[in-house]
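Q: Take a look at the following structure, please.
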Amino acid sequence: MIVDDAELPAVSCGDDQLEVLLHALKHDLAPWLCSQAPQAGVATLADDIGFERCHAEREMPGFRQELLEKPQALGGLVRPDYLAAPAKCTQGSRIEGLDQVLDQHPLDATTAPTGGPAWLIDPVGGDPYGGSFSTPAAVAGHRHLAVPAGFVRGLPMGLPFVGRPFAE
């Protein structure tokens, strides 16, 4: 069955999504670098921050690295504020988001444009980010398969299909 008017509620995770991502970066980067990029010259998040500071003129002429420095200052994975964050993300993106739509209609999968076309970096005005269909799937832990769907102004576009975990 195809349903043309299913509306996906906005992901309602607030700052919890960023909390989870920052903790994951801090605690997962070193093992990833060790296994996937042992020749990188940096082995930890602290190493990367130090490298960027030493080479800031070349590596970051128009930007800072606050999203690298913020997780470095975080505590461990057993902090109460962190422990509550994944559950809030699951509630907002899965239970009150994708699963609600999949249950309501009942669907095996849903699809929508991943997002608008890529934009040019604007170091003065900021990026014109307009949201993304991949965010609810990623936060919910749902499968997300994108297939090529053509080009807009020479840039590739994808059409994602999102289904429940382990429902392949």
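Every number here is computed from the coordinates shown, using simple stated rules; none is lab data. Note that the structure is a prediction, hence the values are computed from the model and not measured. All Cβ positions, even for glycine, are placed from backbone atoms using ideal geometry, and neighbour counts span all protein chains on display.
Q: Give the share of C-alpha pairs in each 5 angstrom bin for the chain, from 0 to the last occupied bin, in whole percents, shortest bins first.
A: Each 5 Å bin holds this share of Cα pairs: 1, 7, 12, 14, 15, 17, 17, 10, 5, 2, 1, 0.
Q: Got the relative contact order for the chain handy, in percent, Cα pairs under 8 Å and 6 or more residues apart?
A: Averaging sequence separation for qualifying contacts and normalising by length gives 23 percent for the chain.
Q: So if I restrict to the alpha-carbon atoms in region 88-168, what is the Rg, and what is Dmax, the biggest pairwise distance, in Å?
A: Cα-based Rg and Dmax for region 88-168 come out at 14.6, 45 Å.
Q: May I pose another question? With springs only between Cα atoms under 10 Å, which of His105, His27, His142 fluctuates most in a Gaussian network model of the chain?
A: Looking only at His105, His27, His142, the biggest GNM fluctuation is shown by His105.
Q: Report the residue, chosen from Arg53, Arg153, Arg79, that carries the largest GNM mean-square fluctuation when the chain is represented by alpha-carbon nodes joined by springs under 10 Å.
A: Highest fluctuation of the listed residues: Arg153.
Q: Over region 13-77, what portion of Cα pair distances is larger than 13 Å, expressed as a whole percent?
A: Values: 1376 of 2080 pairs.
Within region 13-77, distances greater than 13 Å cover 66 percent of Cα pairs.
Q: Rank Val147, Gly62, Pro9 by how far each Cα sits towards the positive end of the charge dipole of the chain (+1 on Lys, Arg Cβ; -1 on Asp, Glu Cβ) and give me just the farthest.
A: Gly62
Q: Here's something else I'd like to know. 222 nm [θ] for the chain, helices only, -39500 (n - 2.57) per DSSP H run of 4+, per residue, to 500? Don't skip to the answer; put the middle values down first.
A: Values: 7 runs with 66 residues, N = 168.
Calculated from helices alone, the mean residue ellipticity at 222 nm is -11500 deg cm²/dmol.
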